[in-house]
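> I am attaching a structure below and will ask some questions about it afterwards.
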Amino acid sequence: MSSFDTTETRIDATCERWPGFPREPAVLVRLVKVIYKSVHDRANSVLREHELSHAEYNILMMLYGTPARPLNPSELAEAAIEKSANITRLTDKLCAMGLVERIPDANDRRKLGLHLTADGLSCVQGVLPKMADLLVQQVQGLNEKEQLQLERLLKKMLTGLEAN
């Protein structure tokens, strides 16, 4: 029995009560949400010992994945899939922790760039082995071919969402 069974039963009941309700899209979208919550919660439990939240980790990872240059707050918000207001709060905390630094733009002092400090780099490198293990655990029910197939399907779904 899966933790999703009761949700699926409720979707089926909705379909019976309202015959036009689109069962498969409802199941798929709800599965994505349930999986996201599980991934998020498990990541937070791993990151807690480093005094980081999943959102803060994502910001660190976006900066780590862009080593050639600082990111401005808008780029970082887009990359980390966070609202601009949330980026300010999150980067304020990461700056206070000494993991991220704001650098004024050389050409326009009104603009800021964000990058990892040496402590931020060390933090990311310390967290990566545990997060890599977690990522592998989270997809352990899928073989490599299935993982690639799911990646293609989710990207296709995302393309459809972005087209609307």
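> Name the most mobile residue of ILE59, ILE11, ILE35, meaning the one with the largest mean-square fluctuation, in a Gaussian network model of the chain with Cα contacts below 10 Å.
ILE11
> Say the dipole of region 51-163 comes from +1 at the beta carbon of Lys and Arg and -1 at that of Asp and Glu; which of ALA85, SER53, PRO129 then lies farthest toward its positive end?
ALA85
> Students often get this wrong, so check it: of LYS33/LYS155; LYS37/LYS83; LYS37/LYS145, which have C-alpha atoms separated by over 22 Å? List each step's numbers first, then the result.
On the way: LYS33/LYS155 16 Å; LYS37/LYS83 18 Å; LYS37/LYS145 24 Å.
Check vs 22 Å cut-off fails for LYS37/LYS145.
> Calculated from DSSP H runs of 4 or more alone, at -39500 (n - 2.57) each and per residue, what is the 222 nm mean residue ellipticity of the chain, nearest 500? Mind showing how you got there, number by number?
Numbers: 7 runs with 111 residues, N = 164.
After summing the helix terms and dividing by residue count, I get -22500 deg cm²/dmol.
> Search the structure for amide H atoms under 5 Å from the amide H of GLY113, placed 1.01 Å from N in the peptide plane, and list their residues when 5 or more places away or on another chain.
ILE103, ASP105
> What FRET efficiency would be calculated for the residue pair GLN137, ASP105, taking the C-beta separation as r and a Förster radius of 45 Å, to the nearest 0.05? Let's see the in-between values first.
Working: r = 41 Å, r/R0 = 0.91.
Result of the calculation: an efficiency of 0.65.
> For the residue pair GLU51 and GLU78, what label-to-label distance in nm results when each label sits 7 Å from Cα along the Cα-to-beta-carbon direction?
In this crude label model, GLU51 to GLU78 measures out at 3.3 nm.
> Hey, in the GNM for the chain with a 10 angstrom Cα cutoff, which one of ARG89, ARG102, ARG17 fluctuates hardest?
ARG17
> Let me ask something additional. Sort LYS93, LYS37, LYS111 so the one with the fewest other Cβ atoms within 10 Å of its own Cβ comes first.
Final ranking by Cβ density, sparse to dense: LYS37, LYS111, LYS93.
> With a 10 Å cut-off between alpha carbons and a GNM built on the chain, which of GLU49, GLU144, GLU101 moves the most?
Most flexible of the set in this elastic network: GLU144.
Any read-out appearing in this document is the output of simple, stated calculations on the displayed coordinates, not a laboratory observation. Every value quoted in this text rests on a predicted model; they were computed, and no experiment measured them. Counting neighbours? That spans all protein chains shown, and the Cβs are built from the backbone with ideal geometry, glycine included.
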